[in-house]
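The values are calculated or read from the model by the stated rules, or taken from the named source; none is laboratory data. None of these values were measured; they are calculated from a predicted model. Every residue, glycine as well, gets a Cβ built from its backbone with ideal geometry; the counts of neighbours run over all protein chains shown.
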Amino acid sequence: MHDNVKAIVEYFKSGIKPAGEPGRLGVELEHIVVGPHKAPVAYGDEHGIAWLLEQLKADYPQTSFGDAGALIGVSGGNKAVTLEPAAQLELSAGPYEDGEEARVDFTAFQHEVIELIDPFDLRLVEVGYHPSAKAEDLPLIPKERYRYMDEHFAKIGPYGRCMMRGSASTQVSIDYYSVEDCLRKLRLATAAAPLFALICDNAPTFEGEPSPHHMMRTKIWRECDPARCNAVPGVLSKNFTLEQYAEYILSTPAIFYYDEEGTAHPSEQTFGEIFADRAMSQSDVEHALSMFFNDVRCKTYVEIRPADALPLVYVAAYTTLVKALFYFDESLDFLDELFADVDEAAVEDAKTELMAHGYDAQVYGKPTGELVDALFKQAHEAMPPGEAMLLNPLEQLTRQRKTLAMMGKRR
């Protein structure tokens with residue numbers, strides 16, 4: 001085995017949790033800060049995002065810095081506040097036992113931020129795309145990584161900059177207990193990803209206009225850079241291996257990499273070419289994995305990425321749905337049966353149909369509503385009733401065959 005294939009595989013394996021340990025959930029929610037009339041708020045504005053991070057330092061004492069010492073992140077305890085490329089404010093927190101635990105923590109964070117920004121007529125919004133601005137009008141924060149990514153994506157098409165500057169998501173991470181469990185969850189979550197994207201569609205606007213179709217963030221990510229987005233190649237095969245995953249990482253252009261002194265270098269070479277003559281360190285592996293934006297990706301956990309940024313009651317509902325579907329043997333068996341014949345082509349077809357037709361689409365040979373109802377039915381069967389109640393806000397939307405994006409357009 002090539003040393004760097006082994007280095008990546010061993011990194012994945014380091015995430016294996018002991019059998020019998022309760023499944024926990026990591027949650028990331030990206031917020032967009034806006035001013036009056038939903039006007040953009042930039043990093044360097046008088047009461048902009050840099051100022052906001054400075055105010056949060058008292059409660060989040062660990063700090064991280066970008067170019068020329070610019071403050072770009074604060075953290076403390078089980079929470080980290082970081083910035084996406086155009087100063088979307090992300091809270092990453094956990095691990096949590098359940099969605100309610102996450103909701104309580106995220107609510108406390110939002111209240112803290114709102115107290116700080118409210119006197120200046122600013123507010124937080126949780127939507128999948130900036131509610132008023134065009135991507136080109138949103139400046140990048142001073143962070144080297146984002147400059148390199150911006151230059152790279154600009155060569156591929158119009159959507160890379162939309163992804164970086166305009167979009168915002170909810171991401172839920174889950175544990176795995178063996179290599180087989182990891183691969184199974186990657187496969188099943190990838191098959192479920194288009195349905196999750198519809199259930200959590202919350203982008204009523206795109207580039208300052210009503211979104212032209214459902215699931216605008218899915219369109220953005222699909223076109224952003226196909227070499228590192230969409231499904232991990234081969235992941236839907238039951239014969240897929242972590243070694244194949246590692247080979248995929250090594251065979252993709254790096255965008256940029258860090259040398260042994262920690263200096264960043266832009267590069268269109270693959271990671272395999274860059275590290276042909278030296279072994280990847282753990283930080284090299286972590287950087288390489290961070291340059292992939294698949295619908296579902298592996299680090300030392302499985303990260304499920306298709307959901308738009310959501311209001312907190314929906315974050316709790318979605319987190320609960322993920323827990324119910326991926327932490328119970330009977331739910332995994334159910335998903336195995338539901339998605340038995342799904343391959344990469346079917347996933348891409350599902351995205352196309354759902355973007356065009358929403359709940360009126362046929363997906364994987366069945367009506368979309370029927371599939372979504374089946375997911376929630378299984379979630380209720382897996383969860384104790386008290387916890388299953390958290391599903392209600394999202395489930396009610398799906399029963400009406402509506403999305404938050406559809407409701408936002410009407411408003």
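Please enumerate the residues belonging to region 244-263 that are surrounded by 15 or more Cβ atoms within 10 Å (Cβ to Cβ) and either over 24 Å from S14 (Cβ atoms) or charged (D, E, K, R) (or both).
Of everything in region 244-263, those that are surrounded by 15 or more Cβ atoms within 10 Å (Cβ to Cβ) and either over 24 Å from S14 (Cβ atoms) or charged (D, E, K, R) (or both) turn out to be E247, P253, I255, F256.
Can A154 be described as free of Cβ contacts under 8 Å to residues at least 24 places away in the same chain and more than 22 Å from A50 (Cα to Cα)?
yes
Can you find a residue that is within 26 Å of Y327 (Cα to Cα), in contact (Cβ under 8 Å) with a residue 40 or more places away in the chain and of a type in the set (D, E, K, R) anywhere in region 134-149?
no
With the requirement that a residue be hydrophobic (A, V, I, L, M, F, W, C), surrounded by fewer than 15 Cβ atoms within 10 Å (Cβ to Cβ) and closer than 22 Å to A324 by Cα, what does region 335-372 give you?
The one that is hydrophobic (A, V, I, L, M, F, W, C), surrounded by fewer than 15 Cβ atoms within 10 Å (Cβ to Cβ) and closer than 22 Å to A324 by Cα: A340.
For E330, state whether it is at pLDDT 95 or above, over 24 Å from Y245 (Cβ atoms), of a type outside the set (S, T, Y) and surrounded by fewer than 20 Cβ atoms within 10 Å (Cβ to Cβ).
Yes; evaluated as a whole, the condition is true for this residue.
Here are the criteria: (1) assigned to a helix (DSSP H, G or I); (2) within 25 Å of D150 (Cβ to Cβ); (3) small (G, A, S). Tell me which single one A7 does not satisfy.
(2)
Inspect region 140-150 for any residue being crowded, with 16+ Cβ neighbours inside 10 Å, under 16 Å from H37 (Cβ atoms) and over 20 Å from the mean Cα position of the chain (by Cα) and give the result as yes or no.
no
Within region 129-136, identify whether any single residue is within 17 Å of L53 (Cβ to Cβ), of a type in the set (A, V, I, L, M, F, W, C) and surrounded by 18 or more Cβ atoms within 10 Å (Cβ to Cβ), and answer yes or no.
no
Are any residues in region 270-283 within 26 Å of the chain's Cα centre (by Cα), under 23 Å from R147 (Cβ atoms) and either of a type outside the set (G, A, S) or at pLDDT below 95 (or both), and if so, which ones?
Answer for region 270-283, where residues must be within 26 Å of the chain's Cα centre (by Cα), under 23 Å from R147 (Cβ atoms) and either of a type outside the set (G, A, S) or at pLDDT below 95 (or both): T270, F271.
Taking region 384-410 on its own, how many of its residues are assigned to a loop (DSSP other than H, G, I, E, B) and at pLDDT 95 or above?
4
Of everything in region 113-142, what is out of contact with any Lys or Arg (no Cβ under 9 Å at 6 or more places or on another chain) and in a helix (DSSP H, G or I)? Give them in sequence order.
Result: V113, E115, L116, D118, P119, F120.
Are any residues in region 7-16 more than 16 Å from G94 (Cα to Cα) and touching a residue at least 12 places away in the same chain (Cβ under 8 Å), and if so, which ones?
A7, I8, V9, Y11, F12, K13, S14, I16
Any residue at all in region 204-217 that is in contact (Cβ under 8 Å) with a residue 24 or more places away in the chain, over 21 Å from H31 (Cα atoms) and of a type in the set (K, R)?
Within region 204-217, none of the residues are in contact (Cβ under 8 Å) with a residue 24 or more places away in the chain, over 21 Å from H31 (Cα atoms) and of a type in the set (K, R).
Collect the residues in region 58-112 that are charged (D, E, K, R) and not in a strand (DSSP E or B), keeping them in residue-number order.
D59, D67, E84, E97, D98, E100, E101, R103, D105, E112
Show the residue pairs meeting these rules: Cβ distance below 8 Å; 6+ apart or different chains; first residue within region 323-344 and farther than 16 Å from F376 by Cβ and touching a residue at least 12 places away in the same chain (Cβ under 8 Å); second residue assigned to a helix (DSSP H, G or I) and among the acidic types (D, E).
So the pair list comes out empty.
How many residues does region 229-267 hold that are modelled with pLDDT under 95 and aliphatic (A, V, I, L, M)?
1
Taking helices (runs of 4 or more DSSP H) that fall entirely within region 143-251, which contain at least 3 residues that are among the charged types (D, E, K, R)?
144-154, 179-199, 216-224
I'm trying to understand the selection: among the residues of region 297-322, which are among the aromatic types (F, W, Y) and either free of Cβ contacts under 8 Å to residues at least 24 places away in the same chain or not in a helix (DSSP H, G or I) (or both)?
Result: Y301, single match.
Under 7 Å between Cβ atoms, which residue pairs at least 6 apart in sequence (or on different chains) link something in region 366-383 that is in contact (Cβ under 8 Å) with a residue 24 or more places away in the chain with a partner that is surrounded by fewer than 13 Cβ atoms within 10 Å (Cβ to Cβ) and not basic (K, R)?
Going by the 7 Å Cβ cut-off, the qualifying pairs are A382/E330.
Whether any residue in region 250-268 is free of Cβ contacts under 8 Å to residues at least 60 places away in the same chain, within 28 Å of C200 (Cβ to Cβ) and β-branched (V, I, T) is what I want to check.
Yes, region 250-268 has at least one match.
How many residues are buried (at least 21 other Cβ atoms within 10 Å of the Cβ) and under 18 Å from the mean Cα position of the chain (by Cα) if we restrict to region 10-25?
Within region 10-25, residues that are buried (at least 21 other Cβ atoms within 10 Å of the Cβ) and under 18 Å from the mean Cα position of the chain (by Cα) number 1.
So S290 fits all but one of (1) farther than 20 Å from S167 by Cα; (2) surrounded by fewer than 16 Cβ atoms within 10 Å (Cβ to Cβ); what number is the exception?
(1)
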